[in-house]
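**Q** Can you keep this structure in mind? I'll have questions shortly.
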Amino acid sequence: MNPEEFKLIQPSLPVEPGIYKFIDENNKIIYVGKARNLRNRVSSYFKTSHDNYKTRVLSRKTIRIEFTIVKSEQDALLLENLLIKENQPRYNIQLRDDKTYPHICIKNERFPRVFLTRTLTDDSSEYLGPYTSVKRVRSILRLLQSLFPLRTCNLNLSQKKIEEGKYKARLEYHIGNCLGPCEDKQTEVSYSESISLIRNILKGQYGSVMQELRKNMQFHSEKFEFEKAHLIKSKIELLENYQAKSTIVSPVIDNVDVFSIIDNEKSAFVNYLKVVNGSITQTKTVELRKKLEESPHDLLIFAIISLRQDYKSDSPEIITPISLDFPDEKISITVPQRGDKKKLLELSLSNAEYYKNSRESLTGKSKSTGTLELLQREFRLTELPVYLECFDNSNFQGSFPVSSMVVFKMGKPVKKDYRHYNIKSVTGPNDFASMEEVVYRRYSKLLNENLPLPQLVIIDGGKGQLSAARTALEKLNLAGKIPIAGIAKRLEEIYFPDDPLPLHIDKRSPALKLIQRMRDEAHRFAITFHKTKRDKATLKTSLTEIVGIGKKTSEMLLKKFRSEKKIQQASLDELAVLIGESKALKLKEHFDNLNS
């Protein structure tokens, strides 16, 4: 639509607030916008000249304009966001989010179940989330199960069926993980009270839950029911420990949303923190692709509306780095200059900055190169770590100790360079000494053969294994010349020599995922070698200990029957055909003696 054509329809456009849709020749919505005054806003797209090339293309491709009048600018903002999500118009800002994030579902049923789900259905159930980490959801569910035993079965617990005795309590009841509502051992009122407390915990309202638990503890204590009181006290301590692990900001900051934004030429990165009762309960960072050179103000408002809808936030206060002309007058916008709210905003900005850097590190490069550059920054390496090695140990109660070493180049495994090591100088289960031995053997060999050294060495383990590997490098005069780090399994912490505090890398970081992949590959390679060695030793101490049965005969039997159990089950004739009647008789006699 050119400016002359637009002039014909301009007088018919309303001056009220609302949304407008630009539609192309294929009857497809290519842009959705909102406006305080529809006529003025839409007219701005059809000027005689435009500096923005994309805006010129948009106006040229538009052949029809539709609009919807609403009561307020806030209504226009919500409707615009909904239409963008539904239609994904080509020229609108888009939230880059290709994940289906997990939620916690409180099922709409009698004696509601509480469980993790990625599928949201319109069944009147309550969904809390989304959460960015499945691991976090599972830890929350474990906490809830410890505090309030709930049913996990999917039985239809109608009052009629319970009264008729249709169901029997299962194992979960007998081990204390369920209170048996299926046999009417727990009332619906008691169960509903637990669900109410669970709902408060999921919303970050720990104080009200603590208060209720303490009241119940006092009640049982006054009735001299000390076992019940002690059980509740244990639950309070469990909840206090869990709350202590949350990021505590300030107990006086309650029910606040924090948004920050950082942008470049093509995208903007918005971080969201939800704060309830002084704790950060939710966090998420999204990327928005610019389409028409939108301002940070417009981008931030779009993200705020979208994320608050996703997280069902009703916070009356929003903290931002810039002043916003927010259409909802019930919500206050705060741009803090000092104090705890300022620290919160700085934390949000740090998250947005980190996300922006990690995305930009992959732009214009191969994914592996971007990951290595990110790893170089995270580990403060002086050169790009294109050549990495990772070590792991494996043993069974000190028996059959082995080690493995895997090699990655340009972020990819190079399997022909993998190495197995039999532990030679260590007796018994000494993981540290084993690690020192194999690291020494590996790099003394590289030095003797004048081969290149890796730019980074990863040790599977924490401070102890890392210290042992460092000792080996010191003996070779390589300490400080080869960067080395350890990864501890439990919290995925990264340790460096001479640094008592670990490095915590964002769990979504491609750099951490590369280290984890190397660690897992080294573990797999070590376990495979260990099992092979153990199986050979087992073969030697079982079949080959029979007089007259040697290694070659044992291999023939195992190749044919696959296991020692099946050899025992084979008939004398089957064995005789394979190894001869004399040896077959010896085998049968041996197994008969074992079983007698």
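**Q** When the stretch 298-315 is examined, which residues are found to be hydroxyl-bearing (Ser, Thr, Tyr) and assigned to a helix (DSSP H, G or I)?
**A** Matches in the stretch 298-315: SER306 only.
**Q** So in the stretch 323-344, with the set limited to residues that are modelled with pLDDT of 85 or more and more than 26 Å from GLY18 (Cβ to Cβ), which one is least open to solvent (accessible area, probe 1.4 Å)?
**A** Only one residue tops the list, namely PRO336.
**Q** Out of the stretch 328-353, which residues are in a loop (DSSP other than H, G, I, E, B) and not β-branched (Val, Ile, Thr)? Working first, answer last.
**A** Our first condition is that a residue be in a loop (DSSP other than H, G, I, E, B); within the stretch 328-353, this holds for 328-331, 335-338.
Selection gives ASP328, GLU329, LYS330, PRO336, GLN337, ARG338.
**Q** Another question, if that's okay. Which ones in the stretch 62-95 are part of a loop (DSSP other than H, G, I, E, B), surrounded by fewer than 18 Cβ atoms within 10 Å (Cβ to Cβ) and in contact (Cβ under 8 Å) with a residue 60 or more places away in the chain?
**A** Across the stretch 62-95, the qualifying residues are ILE63, SER72, ARG90.
**Q** Right, here's the next one. Within the stretch 529-562, track down each residue that is among the hydroxyl-bearing types (Ser, Thr, Tyr) and at pLDDT 75 or above.
**A** At the first step, the residues of the stretch 529-562 found to be among the hydroxyl-bearing types (Ser, Thr, Tyr) are 532, 538, 541-542, 544, 553-554.
Once the filter is applied, which keeps residues that are among the hydroxyl-bearing types (Ser, Thr, Tyr) and at pLDDT 75 or above, the stretch 529-562 yields THR553, SER554.
**Q** Of everything in the stretch 495-516, what is hydrophobic (A, V, I, L, M, F, W, C), part of a loop (DSSP other than H, G, I, E, B) and within 13 Å of the chain's Cα centre (by Cα)? Give them in sequence order. Talk me through it step by step, then tell me what you get.
**A** Applying the first criterion (hydrophobic (A, V, I, L, M, F, W, C)) to the stretch 495-516 yields 496, 501, 503, 505, 511-512, 514-515.
Still in the running and part of a loop (DSSP other than H, G, I, E, B): 496, 501, 505.
Selection gives ILE505 alone.
**Q** Could you list, in sequence order, the residues of the stretch 155-176 that are more than 19 Å from SER192 (Cβ to Cβ) and part of a loop (DSSP other than H, G, I, E, B)?
**A** Answer for the stretch 155-176, where residues must be more than 19 Å from SER192 (Cβ to Cβ) and part of a loop (DSSP other than H, G, I, E, B): GLU164, GLY165, LYS166, TYR167, LYS168, ALA169, ARG170, ILE175, GLY176.
**Q** Give the stretch 263-278 a look and list any residue that's in contact with a Gly (Cβ under 6 Å, 6 or more places away or on another chain) and of a type in the set (A, V, I, L, M), or say none.
**A** VAL276
**Q** Which condition number in (1) under 40 Å from the mean Cα position of the chain (by Cα); (2) at pLDDT 85 or above is the one that ILE65 fails?
**A** Here ILE65 meets the rest and fails (1).
**Q** A follow-up question, please. For the stretch 391-413, which positions are modelled with pLDDT under 85, surrounded by 24 or more Cβ atoms within 10 Å (Cβ to Cβ) and of a type in the set (A, V, I, L, M, F, W, C)?
**A** Residue satisfying the conditions is VAL402 alone.
**Q** Might you let me know whether the stretch 345-365 holds any residue that is more than 29 Å from the chain's Cα centre (by Cα), modelled with pLDDT of 85 or more and buried (at least 16 other Cβ atoms within 10 Å of the Cβ)?
**A** There is no residue in the stretch 345-365 that is more than 29 Å from the chain's Cα centre (by Cα), modelled with pLDDT of 85 or more and buried (at least 16 other Cβ atoms within 10 Å of the Cβ).
**Q** On to the next question. Sort out which residues of the stretch 1-23 are touching a residue at least 40 places away in the same chain (Cβ under 8 Å) and outside any strand (DSSP E or B), and write them in order of number. Outline the logic, then answer.
**A** Of all residues in the stretch 1-23, those touching a residue at least 40 places away in the same chain (Cβ under 8 Å) come to 1-3, 6, 9, 13-14, 16-23.
Within the stretch 1-23, MET1, ASN2, PRO3, PHE6, ILE9, LEU13, PRO14, GLU16, PRO17 qualify.
**Q** Is there a residue being surrounded by fewer than 18 Cβ atoms within 10 Å (Cβ to Cβ), modelled with pLDDT under 85 and hydroxyl-bearing (Ser, Thr, Tyr) anywhere in the stretch 369-377?
**A** yes
**Q** Scan the stretch 107-122 residue by residue and report those that are at negative phi and assigned to a loop (DSSP other than H, G, I, E, B). Lay out the reasoning, then the answer.
**A** Residues of the stretch 107-122 that are at negative phi, as a first pass: 107-110, 112-122.
LYS107, ASN108, GLU109, ARG110, PRO112, ARG113, ARG118, THR119, LEU120, THR121, ASP122 - these are the residues of the stretch 107-122 that are at negative phi and assigned to a loop (DSSP other than H, G, I, E, B).
**Q** Something else about it: Within the stretch 468-492, can you find the residues that are closer than 18 Å to LEU374 by Cβ and surrounded by fewer than 18 Cβ atoms within 10 Å (Cβ to Cβ)?
**A** Step one: filter the stretch 468-492 for residues closer than 18 Å to LEU374 by Cβ, giving 483, 485, 487, 492.
Residue satisfying the conditions is GLU492 alone.
The values are calculated or read from the model by the stated rules, or taken from the named source; none is laboratory data. Source: prediction; values computed, not measured. Neighbour counts are summed over all protein chains in view; Cβ atoms, including those assigned to glycine, are modelled from backbone coordinates with ideal geometry. Note: areas computed on protein heavy atoms with side chains; ligands, DNA, RNA excluded. Shrake-Rupley method; radii C 1.70, N 1.55, O 1.52, S 1.80 Å.
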